Amino acid sequence: MLRLGDTDVDYSEDFQFFVTTKLANPHYSPEVCIKVTLVNFTVTFEGLEDQLLTEVAAIERPDLVETKESLVLQIAEGRKTIQELEDKILHLLATSTGNILDDEDLINTLDDSKVISTKTAEAVKGAEQTSAEIEVAQEAYRPVATRGSILYFVVSDFGSVDPMYQYSLSYFKEVFAQTVTNAEKADELDKRIAILVEATTRTMFVMICRGLFEQHKVTPHPNPLPHLNPHRHPHPHPNPHPNLEPGPGPEPEP
């Protein structure tokens, strides 16, 4: 029984109560935190960067992604085999009776298990090395993923101008993937990365400009330069919107 005000209410163990909030970083008192379970689904910069890196690598180097996926399965299978062999050896030792040196079946099983375990361990080690090399190759596309993550958080800030400026993460990732796919090709990796960074930036800029309301076209927009190049702009500008001047707006009524 629960006492709510002056009324006794039956309590069920199956009762669950979920509360959501639109606040990006809500603050709750310690008294509330100890009574509830907080689940934060907000995307982080690093998490989104890793997601976009995976997508870029899948588009640019599908062979690496396919190889990495097969290696992950191979590593998991190898570790499972090693664990099963160890459990089998422990079981045989625990159930053996008499002198284990006289148990030929046990000795043969131990020898076979040792050989299989050694080969499996070597295969797992080789697969882990290959997987690490693939990750190094994928890291070459990190600048593209970093730019994409920066652009998403810059775009999400437009919701402070008007609630209608809401861009879902799934839509952003879809546009990002299409941009990478349709971008100009290049044989040199460095040139290709530069093209992708420029293409994603330009696409998001055009997408935002196309969706602006007329009354907001004269509104100074958030300055993205410190986000896009934090090394060149380590300190905030005294004017938060120095890079954009008001554009032509509707003429005032007489």
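Before moving on, here are some points about what is shown:
- Degrees, to the nearest 10: 45-60 long Cα axis against longest axis of the chain: 80 degrees
- Protection proxy ranking for 145-156, 40-51, using the average of other Cβ atoms within 10 Å per residue and placing the highest first: 145-156, 40-51.
- In terms of overall dimensions, the C-alpha atoms belonging to the range 1-138 reach 78, 54, 23 Å along their principal axes, ordered largest to smallest.
- The mean of 1/r over all pairs of different alpha-carbon atoms in the range 61-139, once inverted, gives a Kirkwood hydrodynamic radius of 14.5 Å.
- Sparse-neighbour loop sites [trypsin sites (Lys or Arg not before Pro); the range 1-71; at most 15 other C-beta within 10 Å; DSSP]: Lys22, Lys35
- Per residue of the chain, the DSSP helices (runs of n ≥ 4 H) give a summed -39500 (n - 2.57) that works out to -19500 deg cm²/dmol at 222 nm.
- Mean separation of Cα contacts under 8 Å (6+ apart) over length of the chain, as relative contact order %: 17 percent
- With all projection directions averaged, the alpha carbon convex hull of the range 1-76 covers 9.9 nm².
- Between the Cα long axis of helix 189-210 and the first principal axis of the chain there is an angle of about 50°, rounded to the nearest 10.
- When +1 charges are put on Lys and Arg Cβ atoms and -1 charges on Asp and Glu Cβ atoms, the dipole computed for the range 28-143 relative to its Cα centre reaches about 320 debye.
- Selection of trypsin sites (Lys or Arg not before Pro), the range 79-108, meeting DSSP coil and at most 10 other Cβ within 10 Å: none
- Each of (1) 17.8, 63; (2) 21.8, 72; (3) 29.0, 109 is a candidate for Rg and Dmax of the Cα atoms in Å; the one calculated from this structure is (3).
- Protection proxy ranking of 182-193, 197-208, by the mean of other Cβ atoms within 10 Å over each peptide's residues and highest first, is 197-208, 182-193.
- Computed magnitude of the charge dipole of the chain (debye, nearest 20; Cβ of K, R +1, Cβ of D, E -1): 1160 debye
- Averaging Cα coordinates gives a centre for the range 1-64 and one for the range 123-167; these two points are 22 Å apart.
Values in this text are rule-based calculations from the coordinates and carry no lab data. None of these values were measured; they are calculated from a predicted model. All Cβ positions, glycine included, derive from the backbone under ideal geometry; neighbour counts span all protein chains shown.
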